[in-house]
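The values are calculated or read from the model by the stated rules, or taken from the named source; none is laboratory data. Nothing here was measured: the structure is a model prediction, and the numbers come from that model. Neighbour counts are summed over all protein chains in view; Cβ atoms, including those assigned to glycine, are modelled from backbone coordinates with ideal geometry. Please note that ligands, DNA and RNA were not included when accessible areas were found on the heavy atoms of the full protein model with its side chains. Shrake-Rupley method; radii C 1.70, N 1.55, O 1.52, S 1.80 Å.
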Amino acid sequence: MWLYLLKRMVLAVAIIVIAVTLVFLMIHAVPGDPATALLGPRATPEMITQLHRQMGLDKPLAVQLAIFFGGLLKGNLGFDVVSQRPVADIVFEQLPHTIELIMVSIFWAVLIAVPLGCYSAMRRNSLIDQIVGIMAVATIAIPSFVMAVYALLIFAVTLHWFPAIGAGEGFWDSLVHLILPALAIGIGWVGYISRLVRASMLEILGENHVRMARSFGISEWRIISRYALPLAILPTVTIIGVGIAWLISSAVFIEVVFARPGIGALIVQAVNTRNYPIAMGVVLVTTFLTVVATTVSDLIAASLDPRTREKL
């Protein structure tokens with residue numbers, strides 16, 4: 001297990017380095033001058049030159065990348081010349097809002113999808129199974145931002161059941177403000193996870209150890225919960241870990257639609273103003289979160305099924 005963990009950590013570091021390098025190159029390949037975008041059309045050449053020097057844009061691209069990684073090794077994500085604040089402070093102020101949204105979304109999706117998938121597998125080809133299958137495909141097909149717009153129009157604007165924008169103040173108010181955004185992100189995962197659990201469960205229920213458990217007279221619910229579900233849930237754990245990147249990208253759109261604080265609004269503003277330090281800081285943190293999530297999911301899968309350790 002320790003060797004598996006070491007391999008995962010080395011792979012995680014390599015992924016972060018490659019991802020940050022690619023994003024760094026892509027951001028600098030975007031046409032336009034970031035100093036002009038930040039200062040506006042009335043900026044003088046002296047002001048633009050000074051801002052280039054402050055942002056390090058007067059140096060060659062390879063030197064800029066080396067300086068960025070050098071600061072990264074010291075825990076420094078850079079400095080925002082606009083707000084005159086460290087990038088880490090700005091990003092980590094907004095990050096908890098996004099993590100909160102993602103965790104609530106995936107929590108309620110798993111809470112509903114896993115029992116639905118198990119029940120569909122136990123009642124295969126029944127009316128309930130067919131209804132769940134149709135609803136699952138329908139929810140998967142609807143993009144999260146489309147669901148967000150309709151949820152906003154129906155439940156906030158028309159029915160006035162939930163607040164339309166903002167994050168709220170206090171625990172209960174924040175929870176109420178999370179309902180519609182979490183619904184928009186998690187609804188597609190309900191269908192996806194339920195179908196995945198159903199397929200895995202059907203495969204596990206046909207194996208020999210399950211047949212033996214039935215021959216001993218063990219109840220069906222005990223077989224499901226004790227012998228089948230721990231194995232059937234493995235693909236779901238892996239998919240959730242890999243899907244963190246998709247969840248983060250969905251959260252970016254949802255935060256813009258519901259005018260919520262978070263890294264979504266931060267990255268949109270940074271890209272529009274060509275604010276390199278903020279954009280790189282957000283990308284680095286989100287890449288790190290994705291790598292950590294996939295590593296944790298792989299470790300959980302490896303602890304539940306030791307055979308997966310041999311696949312790396």
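Mind counting the residues in segment 179-207 that are open to solvent by 60 Å² or more (accessible area, probe 1.4 Å), in a helix (DSSP H, G or I) and either of a type outside the set (Val, Ile, Thr) or without any contact (Cβ under 8 Å) to a residue 12 or more places away in the chain (or both)?
Of segment 179-207, the ones open to solvent by 60 Å² or more (accessible area, probe 1.4 Å) are 179, 192, 195, 203, 207.
Narrowing further to those that are in a helix (DSSP H, G or I): 179, 192, 195, 203.
Restricting the remaining residues to those that are either of a type outside the set (Val, Ile, Thr) or without any contact (Cβ under 8 Å) to a residue 12 or more places away in the chain (or both) gives 192, 195, 203.
Selection size over segment 179-207: 3.
State the number of residues belonging to segment 48-88 that are open to solvent by 80 Å² or more (accessible area, probe 1.4 Å), part of a helix (DSSP H, G or I) and within 22 Å of Val271 (Cβ to Cβ).
Count: 2.
From the list Ala113, Ala66, which one is of a type outside the set (Lys, Arg) and modelled with pLDDT of 85 or more? Spell out how you get there, then give the answer.
Numbers: Ala66 fails: modelled with pLDDT of 85 or more.
None of the others qualify; the one that does is Ala113.
From Val149, Val210, Val176, Val157, which residue is assigned to a helix (DSSP H, G or I), hydrophobic (A, V, I, L, M, F, W, C) and open to solvent by less than 50 Å² (accessible area, probe 1.4 Å)? Step through it out loud before you land on a result.
Details: Val149 fails: open to solvent by less than 50 Å² (accessible area, probe 1.4 Å); Val176 fails: open to solvent by less than 50 Å² (accessible area, probe 1.4 Å); Val157 fails: open to solvent by less than 50 Å² (accessible area, probe 1.4 Å).
Of the residues listed, the single one that is assigned to a helix (DSSP H, G or I), hydrophobic (A, V, I, L, M, F, W, C) and open to solvent by less than 50 Å² (accessible area, probe 1.4 Å) is Val210.
Looking at segment 123-135, is at least one residue basic (Lys, Arg), touching an Asp or Glu at 6+ places or on another chain (Cβ under 7 Å) and part of a loop (DSSP other than H, G, I, E, B)?
Yes, some residue in segment 123-135 is basic (Lys, Arg), touching an Asp or Glu at 6+ places or on another chain (Cβ under 7 Å) and part of a loop (DSSP other than H, G, I, E, B).
Between a residue in segment 245-260 that is open to solvent by 50 Å² or more (accessible area, probe 1.4 Å) and any residue that is among the polar types (S, T, N, Q), which pairs come within a Cβ distance under 8 Å, given they are 6 or more apart or on different chains?
Phe253/Ser144
If you take the residues in segment 54-84 that are aliphatic (A, V, I, L, M) and under 16 Å from Ala29 (Cβ atoms), which one is nearest to the chain's Cα centre (by Cα)?
Taking segment 54-84 as the starting set, the residues that turn out to be aliphatic (A, V, I, L, M) are 55, 57, 61-63, 65-67, 72-73, 77, 81-82.
In the following step, the residues that additionally are under 16 Å from Ala29 (Cβ atoms) were identified as 57, 61-62, 65.
Values: Leu57: 31, Leu61: 30, Ala62: 30, Leu65: 26 Å.
Going through the qualifying residues, I end up with Leu65.
Give the residue that is nearest to Pro86 (Cα to Cα), with candidates limited to residues of segment 8-57 that are modelled with pLDDT of 75 or more and of a type in the set (D, E, K, R).
Looking at the filtered set, the residue picked out is Arg53.
Can you pull out every residue in segment 261-298 that is open to solvent by 40 Å² or more (accessible area, probe 1.4 Å) and of a type in the set (A, V, I, L, M, F, W, C)?
Result: Ala265, Val268, Val271, Phe288, Leu289, Val292, Val296.
Being hydroxyl-bearing (Ser, Thr, Tyr) and either farther than 26 Å from Glu203 by Cβ or at pLDDT below 80 (or both) is true for just one of Tyr150, Tyr119. Which residue is that?
Values: Tyr119 fails: either farther than 26 Å from Glu203 by Cβ or at pLDDT below 80 (or both).
The conditions single out Tyr150.
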